Amino acid sequence: MRITKFVIPEIIFGVDSLGQAGSSLTRLGAHRVFLATDPGVREAGWVDKVLPHLEEFGIEWVIWDDVSENPRDTEVRRGAELYRQESCDSILAVGGGSPMDAAKGVGILVTHGGRISDYAGVDLVTRPLPPMVMIPSTAGTGADVSQFAVITDTGRRVKLVLCSKSLVPDISITDPLLLTTKDAELTAYTGMDALTHAIESYVSIAATPLTDVHALSAIELIAQNLRASVGSRDNLTAKVNMAMASLKAGICLSNAALGATHAITHQIGGMLDVAHGTANAVVLPHIMEYNLIADTERYSRIARAMGERVEDLSTRDAALRSVAAVRDLARDVGLPVVVAEAQRLPVDCLPAMVEGALDDVCLVTNPRDLGEAELGELFRAVLSLPVEDLGQDPLHSGNGLA
Ligand SMILES: [Fe+2]
């Protein structure tokens, strides 16, 4: 058997676990914390709820919320300057994937120097980062437990994927109460991101028995709870189950990695500021259809985990039901079936996106082989582009980004 590894942070989970932030940071030796968050989380009052727990342990803080929905290299550079100026010694992120990934980027720059693009790829972050505690405010990203960070290179308009064990936070605190202040749309697309993590990691060629059990459980929890979680902010049972699903899916993506859906949506997200989870909801069924023949058995188990009745079906037919189940779920929670923003793509950007996907670390673990031609076809399908020769035609006329 090949060698497998399984890395996770210390995990604290439960309603009101937010109160553990101060004691967690103290155990890591923190005195002056760099608190990364975003304006929405601040506005919802969660930062104000954390601060007394830091005060209780004599921890000082510097708040940084200058982070976009798709965090940028320029923001990370400014964050690192602030961290140094303020002589911080640790990191606390409270928020969604954006502040968590950006905080990891700041941690890299203050310990390793250079530019964030120097660390795109696998295992290029070689030394420890500052002590890191992360409190996710959405049920989707998995950044609070993962060895990944995704940051936009604004010069090249691509998403940089950084993967290193040093990026695994020390402590992850999941308090499902934070999910009660999120609107339906955000709940829907972050939930579909979590589902994409669970499905891609389950069919990944790097999946192991340790990730399989969490992946199938996450798929089941999402199929059973995402609709209700989108339906009501106050359904705490659905919130707790979605928070657990996101945690499990995050553990899986970190240890089994992802696949072609993320390799493609990273390129779309680099070109357009679309929500990552929305792009995944559009792309995932296309990739499932493409990948199906590589492992029909696993896709049939995904269908079963999603609650489909597959007992009397052949493995192939059962596998196909998994795609229908994902499309039904995305539609039920109100997500689009096409990337509407594709109309704003620059002319002739397709070759660059295909090249970016080929270079994306997520492609390595996709269960079915795919090269330039297949990726071109898949990009055209998910972006509803005309079927013509790759790179020969303008994608859409006269509406390119500057
Ligand atoms: Fe994702």
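What follows is calculated from the coordinates using simple rules that are stated; it is not laboratory data. As the structure is a computational prediction, the values presented were derived from the model and not from experiment. Don't worry about glycine lacking a Cβ; one is built from the backbone with ideal geometry, like all the others, and counts go over all protein chains shown.
Sorting ILE116, ILE205, ILE3 on the 10 Å Cβ count, fewest up front, what's the list?
Working: ILE116 27, ILE205 14, ILE3 4.
Ascending number of Cβ neighbours within 10 Å: ILE3, ILE205, ILE116.
Can you tell me the order of 240-247, 157-164 when each peptide is scored by its average per-residue count of other Cβ atoms within 10 angstrom, highest first? Before the final figure, lay out each step's value.
Details: 240-247: 25.1, 157-164: 21.6.
In decreasing order of mean packing, 240-247, 157-164 become 240-247, 157-164.
Per the helix-only calculation at 222 nm, which mean residue ellipticity applies to the chain, given -39500 (n - 2.57) for every DSSP H run of n ≥ 4 and division by its residues, nearest 500 deg cm²/dmol? Don't jump to the answer; show the numbers that get you there.
Working: 14 runs with 193 residues, N = 402.
After summing the helix terms and dividing by the residues of the chain, the value is -15500 deg cm²/dmol.
Fewest first, what order do VAL274, VAL133, VAL203, VAL364 take by the number of other Cβ atoms within 10 Å?
On the way: VAL274 21, VAL133 29, VAL203 26, VAL364 14.
Ascending Cβ contact count within 10 Å gives the list VAL364, VAL274, VAL203, VAL133.
Could you give me the ³J(HN,Hα) list for segment 297-303, computed from phi with Karplus coefficients 6.51, -1.76, 1.60 and θ = phi - 60°, whole Hz, x at Gly and Pro?
4, 5, 5, 5, 5, 5, 4
What is the set of long-range amide H partners of LEU160 at a cut-off below 5 Å, with H atoms built 1.01 Å from backbone N?
The answer is ILE151, THR152, ASP153.
Taking a label point 7 Å from the Cα of GLU86 along the Cα→Cβ vector, which residues of segment 22-50 have an amide N closer than 13 Å to it?
Within reach of a label on GLU86, which here means backbone N under 13 Å from a point 7 Å along Cα→Cβ, segment 22-50 contributes 31-38.
Nearest 0.05, what FRET efficiency do THR154 and ALA324 give at R0 = 30 Å with Cβ-Cβ as r? Provide the component values of the computation, followed by the final result.
Details: r = 39 Å, r/R0 = 1.29.
According to the calculation, E is roughly 0.20.
For SER172, SER217, SER201, SER314, which order do you get if you count the other beta carbons within 10 Å of each Cβ and list the fewest first? All intermediate terms of the calculation are to be shown ahead of the outcome.
Working: SER172 27, SER217 17, SER201 30, SER314 11.
Listed from fewest to most nearby Cβ atoms, that is SER314, SER217, SER172, SER201.
Determine, for the chain, the count of lysine pairs separated by eight or more sequence positions (or lying on different chains) whose alpha-carbon distance falls under 22 Å.
Step by step, the pairs that qualify in the chain add up to 12.
Through the Karplus equation 6.51 cos²θ - 1.76 cosθ + 1.60, θ set to phi - 60°, convert the phi angles of segment 336-344 into ³J(HN,Hα) values in whole Hz; use x for Gly and Pro.
x, 9, 10, 7, 4, 5, 4, 4, 9
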